[in-house]
Amino acid sequence: MDAFKEDIAAAAARMVVEEGLEYGAAKHRAVKQLGLPARTALPDNEQIETAVFEHIAIFCADSQPQELRALRHLALEWMQRLIAFRPHLSGAVWRGTATRKSDIYLQLFCDDPKSAEIALIDQGVRFETARVQGFTGSMVDALSIHARSDGLGEYVGVHLLVHDFDDLRGALKPDAKGRKMRGDIAAVKKLLHDGDL
């Protein structure tokens, strides 16, 4: 990796950890912050993730494990509430890079895309809706709520990305390095039981 990519990755990692930015937004802000040309080659997400782990190890080693555990507990709570929709945890909370600034991303796999909204209404949960790009590249509904984390003592953004049930098979495929990109309730319970970060 050339020096510019290393600088961008380090600056982006700081924004991811300290501000809760997503990787793409952090990379572009890092380029601006470093005064580099807009067309500068960007580090890939693997490089950003490595830099995030390094930043956490240097600056957040005392607090991040407890924050991650609190977020995983909150994610599990919502996964159990939405068990009918085959919830899978993804993003920083799944990968182990989350801090108290991170949001929780749950992917739901529904026979009827409106059924998750109806379930939230039935539970008296207030939510906002948006359309975002799903992991397959197509647009999906995102239902966003603010949920209280007792472990953190504050509210956390929980985003429910509503996918078609048929997308579940593709969701379980590992990445190029053989890592799972998301986990179901059993996998999250195992992370919490084993204390994996």
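All of the numbers you see were taken from the coordinates with simple rules; none came from a lab. Worth saying up front: this structure is predicted, and the values here are computed from it rather than measured. As a convention, Cβ positions derive from the backbone with ideal geometry for all residues, glycine included, and neighbour counts pool all protein chains shown.
Here are some notes:
- Residues of the range 41-75 that turn out to be surrounded by 18 or more Cβ atoms within 10 Å (Cβ to Cβ) and within 30 Å of ARG169 (Cβ to Cβ), as a count: 9
- Assessment of the range 156-166 against the conditions (over 17 Å from ILE83 (Cα atoms) and either under 15 Å from the mean Cα position of the chain (by Cα) or surrounded by 11 or more Cβ atoms within 10 Å (Cβ to Cβ) (or both)) yields at least one matching residue.
- Test result for LEU106, closer than 30 Å to GLN64 by Cα and surrounded by 21 or more Cβ atoms within 10 Å (Cβ to Cβ): yes
- Filtered residue count, the range 8-39, keeping only those that are surrounded by fewer than 19 Cβ atoms within 10 Å (Cβ to Cβ) and either under 21 Å from ILE104 (Cβ atoms) or over 23 Å from the mean Cα position of the chain (by Cα) (or both): 14
- Residue ranges of helices (runs of 4 or more DSSP H) in the range 1-100 with at least 1 members over 25 Å from ALA116 (Cβ atoms): 3-19, 23-33, 45-59, 64-81
- Meets criteria (of a type outside the set (S, T, N, Q), touching a residue at least 60 places away in the same chain (Cβ under 8 Å) and either buried (at least 18 other Cβ atoms within 10 Å of the Cβ) or within 27 Å of ARG14 (Cα to Cα) (or both)) for GLU117: no
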